[in-house]
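Working notes for the structure below.
What follows is calculated from the coordinates using simple rules that are stated; it is not laboratory data. These numbers come from a predicted model, not from an experiment. As a convention, Cβ positions derive from the backbone with ideal geometry for all residues, glycine included, and neighbour counts pool all protein chains shown.
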Amino acid sequence: MKIINPYLLAITTLLLVNCSPKKEVTSLKNSYKDDFYIGTALSASQIEEKNAAEDSLICKEFNAITAENIMKSMFVHPQKDKYDFTLADKFVAFGEKNKMFIHGHTLIWHSQLAPWMEKIKDSTEMKAFMKDHITTIVSKYKGKINSWDVVNEALNEDGTLRKSVFLNTLGESYLVDAFKLAAAADPKVDLYYNDYNLEEPAKREGVIRLVKKIKAAGGKIDGVGSQGHWKLDSPSLEEIEKSILAYSALGVKVAFTELDITVLPNPWDLKGADVNQNFEGNPKMNPYPETLPDSVQTKLAQRYADIFKLFLKHKEKISRVTFWGVHDGQSWLNDWPIKGRTNYPLLFDTKLQPKKAYNSVMQLKEGKE
Ligand code: XIL
C-alpha cells in the first residue's frame, strides 16, 4: 500500500502559485481528470483569496468550484431593487482565471432568502420576482457559469412538494417556470435540480416525478444534483447506486454536489432524543474535540473509498463530484445541526494536510492513469 507523504505534498502545495503548473502534479483533479470534475465549495474568504496556502490547495486539487454562500438570494439580491454582485463577480473571476468549471448555487431556494422575499404573499409579485431574479443573474453570467442549481430542496422526505413561499404563492408551476426562465436567459448552461437525501426511495420517486414533469411541460433540465451530506454508515451503496441509475435513466446527468461525511452523532438518530433539546456544549455529542481517533479515521477512509469506487463504476453518468468545503476547519458540519462541534468530514484536515481518506480516494486511481 503506497502512502502519500504529507510533508512532500505540503511542499509541493506551497511551491505551486497558480493552477496551471507546467508539470502535472499528483492531485485529485489530475487523477480523476478522465472521469468527472472534482469540485469544492468556496467560502467568502477563499473567494477573496485571503489565505495563500488555501488558494494553492484549491488550485492544486480541484477543477470545479461552487460558492458556499455568496450566490444565495439573501446575499446577491438583498433588496427588491438591489443586487450585489461584488463577491459573485470575484467568484466567477477566480474560476475563469484558474480555468475551472464554475457552478452557480442557487437560484430558487426557500432558505437563506432575503427578508423581503419571504414576505411576498401574492402570485403576481412572486412571478415578477422569479422572472427578475433568474433572468438578471443567469444573463449576467451567461457563457461564464457552466451549470446552475435552478431549484434547491423543493421536496419533502416523502417526495411531495415542500410548502415554501414559492409553492404557497404560485403552486407547483413555479418549478417548470424556474427552469424555463433559466433556459431562456442562457440556453447553453446546464440546469440542475439539487436536493439532499436523494438516495431515500420515497424522495427518489419525487425527483423522478419532478424531472418528468419539467420535461413534459417543455422545460429544459440537464441534471440532478445529489448533495451527498452523508454519514459513515448511510445511505447504503446500494441506494446510492439505485439513484445514479434511476436519474440517469431519465436522460439527465448526475452530480454529487455537496459531498461530506459526518463522523459525529446526529441528534435525530438518538432514540427518544428530543430534537428541540439543546445539545450545544454536551460532550457526548462532540466526542472528538481534539483529534479524530485512528479507528474512525480508517472508517472514514474506507467509506470514501467505497463511495468513489461506486462513482468510478458509473463515471459515464456522473458529471461532477464536489466536496462541501476544502478542509475540515471550514466545514458547515462544525456548526450544524449542533453549534460549536469539531467534525472531520472532508479529505483535508484543519492544517490543510491530506487525511487517510484522501489517500484512499487517490489509491483507487493509482497505476490507472
Ligand atoms: C450551508 C453553508 O455551508 C453554511 O455556511 C450556511 O450557513 C448554510 O448553508 N444544502 C445546501 C447548501 O444546498 O447551500 C447548504 O450550505 C448546506 C445544505
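Between N69, N359, N51, the residue with the greatest mean-square fluctuation in the GNM of the chain (Cα pairs under 10 Å linked by springs) is N51. Centre-to-centre, using Cα atoms only, the range 40-114 and the range 141-171 are separated by 19 Å.
Hey, in the GNM for the chain with a 10 angstrom Cα cutoff, which one of M117, M285, M126 fluctuates hardest? Judging by the Gaussian network model, the answer is M285.
Computed extension gain for E366 through D34, at 0.36 nm per residue and net of the alpha carbon distance, reaches 118.2 nm.
Placing unit charges on the Cβ atoms only, positive for Lys and Arg and negative for Asp and Glu, gives the chain a dipole magnitude near 820 debye about its Cα centre. Annotation: lysines with alpha-carbon distance below 16 angstrom to K180 (same-chain offsets under eight excluded): K127, K131, K142, K188, K212, K213, K215, K220. Spin-label model, E157 to T124: label points 7 Å out along the Cα-to-beta-carbon direction sit 4.0 nm apart. Need one number: the % of Cα-Cα pairs in the chain sitting beyond the 32 Å mark. The proportion of pairs with Cα distances above 32 Å equals 32 percent.
Write down the percent of antiparallel bridges among all DSSP beta bridges whose residues are both part of the chain, to the nearest 5. Let's see the in-between values first.
Working: 3 of 39 bridges.
Beta bridges within the chain, antiparallel portion: roughly 10 percent.
Within 10 Å, count the other beta carbons around each residue, average over each peptide in 83-93, 29-39, and list them highest first. Provide the component values of the computation, followed by the final result.
Working: 83-93: 17.3, 29-39: 19.8.
Descending packing order for the listed peptides: 29-39, 83-93.
Between G325, Q302, V263, the Cα set farthest toward the positive side of the dipole of the range 244-355 (charges on each charged residue's Cβ, about the Cα centre) is that of Q302. Tell me the angle of helix 52-61 to the major Cα principal axis of the chain, expressed in degrees between 0 and 90 and rounded to the nearest ten. Helix 52-61 and the main axis of the chain meet at about 80 degrees.
Could you tell me the calculated FRET efficiency between E280 and A216, based on Cβ-Cβ distance and R0 = 41 angstrom, to the nearest 0.05? Intermediate values should be presented prior to the final figure.
On the way: r = 47 Å, r/R0 = 1.13.
Efficiency for this residue pair is about 0.30.
Rounded to 0.05, the FRET efficiency of the K131 and D294 pair, given R0 = 35 Å and the Cβ-Cβ distance, is 0.05.
The lysine pair tally for the range 315-369, using Cα distances under 29 Å and a gap of 8 or more places or different chains, is 16.
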